[in-house]
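Right, one structure below, let's go through it.
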Amino acid sequence: MTPSPRRDTTSRLPWVDTARGAAIVLVITHHAVLFTTAEGLGHPGWTALNETLRLLRMPLFFFLSGMLAVRAVQRPWADLLRRRVTSDLWVYLLWASAAFAAFTLLPYARDDLPTGVSGWLLDTLLLPGNGAWYLLALALYLVAGRLTRSVPTRVLLPAAAVVAAAFGPGQLVRYSFVWSDVLTLFVFFAAGLRLRDLALGLTDRVPGPFAVATAATATGALALTVTGLGLTQVPGVRLLVGTTAVATGCAVAVRLAPTLGGRALADVGRRTLPVYVTHEIVLAVLVLALAPAAGTALAGPLSLVAPALLVAAALAVCLPLRTPLARVPWLLHAPWAAPRQREVRPTAEPVVQGV
């Protein structure tokens, strides 16, 4: 069963952009914590927060991506492969290769990287471990969504949930967190595809700010408890927390969208692709400015604010990059795929480009 459009319009939903903006900020925060920790400026509080947010950010990101892919998976195979799947793979390979080259050259403190052609093949395709992996997952999910188009929702979602529960602990795919997450997170993409209209109907009836804030606090407490007690290795726990995060995240975004902060996040959410593909390289450069403080008296105080400083600086650099990157079209889509045009879509499906 596939959802059908409700009516045609060019409207977009601000809360979806707000949610996507929040998700990409959390992705940047994740990498900022990893970078500062590698440079000796890590703080236990940021590490704990990062592990907690790991349970929340990607389920929401992929659920929203599924909502926005409904039209794509209904296209003929040739059109889907040319316009979306191979284009996403092109952008993934391009920017994963750029990151591989940057991390080979930059004096960034991290585990030794594989080198040469074999190292590139390992790091980008066989056992990927780079920050652009979302695009690889999205290409695979689009193919899976098209292949399972005729599978009833009541069959697809439980099957995907079983896979997520089995691979959530990460023990079955030990050598690449990417492949583990690809298997674990498909259920959220599939839920976005199949339950879009239901989700939009529920967001029309989101309760008041106090109730939403209470739900968000409870979700955060659940995620913190799970990570604090080491329960992420229990099959099904990540699925449970992720499902809660999706519901709460959408509700928070609906309430936040009309505010000044919500509009600022929506501005980021409308430009996620250039931010996503560039932010890891930008962070690798920016963290070098903080590295000399490691091991000095400034290290302690700086570790409290370093990730936040990096996130702000990365956004300040990455957001304006959209214009110059768009002038070289093959940097954000494949040469054989025309830039994604604004389509006439249902009110329920806002128009986006890229991630």
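What follows is calculated from the coordinates using simple rules that are stated; it is not laboratory data. Keep in mind the model is a prediction, meaning the values are calculated, not measured. For neighbour counting, all protein chains shown are included, and Cβ atoms are generated from backbone atoms with ideal geometry for every residue, glycine included.
By the count of other C-beta atoms within 10 Å, a proxy for reagent exposure, GLU51, GLU280 are ordered fewest to most as GLU51, GLU280.
What the pair-distance distribution of the chain shows, using all Cα-Cα distances binned every 20 Å from zero, is 29, 62, 9, 0 percent.
Overall size of the stretch 21-175 from C-alpha positions, given as principal axis extents largest first: 51, 36, 32 Å.
Here the stretch 60-75 and the stretch 228-286 have alpha carbon centers that stand 16 Å from each other.
Using Stokes-Einstein with the Kirkwood hydrodynamic radius over Cα pairs, what translational diffusion coefficient do you get for the stretch 198-296 at 25 °C and a viscosity of 0.890 mPa s, in µm²/s rounded to a whole number? D = 148 µm²/s. Helical content of the chain, expressed as a calculated mean residue ellipticity at 222 nm, amounts to -20500 deg cm²/dmol (DSSP H runs of 4 or more residues, -39,500 (n - 2.57) each, divided by residue number, nearest 500).
Panel order for TYR276, TYR141, by other beta carbons found within 10 Å of each beta carbon, from fewest to most: TYR276, TYR141. The Rg/Rh ratio for the stretch 253-329 is 1.09, where Rg is the radius of gyration of the alpha carbons and Rh is the Kirkwood radius. Ranked by the mean number of other Cβ atoms within 10 Å per residue, highest first, peptides 206-218, 18-30 order as 18-30, 206-218. Of the DSSP H helices in the chain, those with a Cα length along their own long axis of 24 Å or more and a mean Kyte-Doolittle hydropathy reaching 0.0 comprise 14-38, 86-105, 177-194, 209-228, 237-256, 272-290, 299-318.
Each of ARG270, ARG82, ARG205 was scored by other Cβ atoms within 10 Å of its Cβ. Arranged with the fewest first, they read ARG205, ARG82, ARG270.
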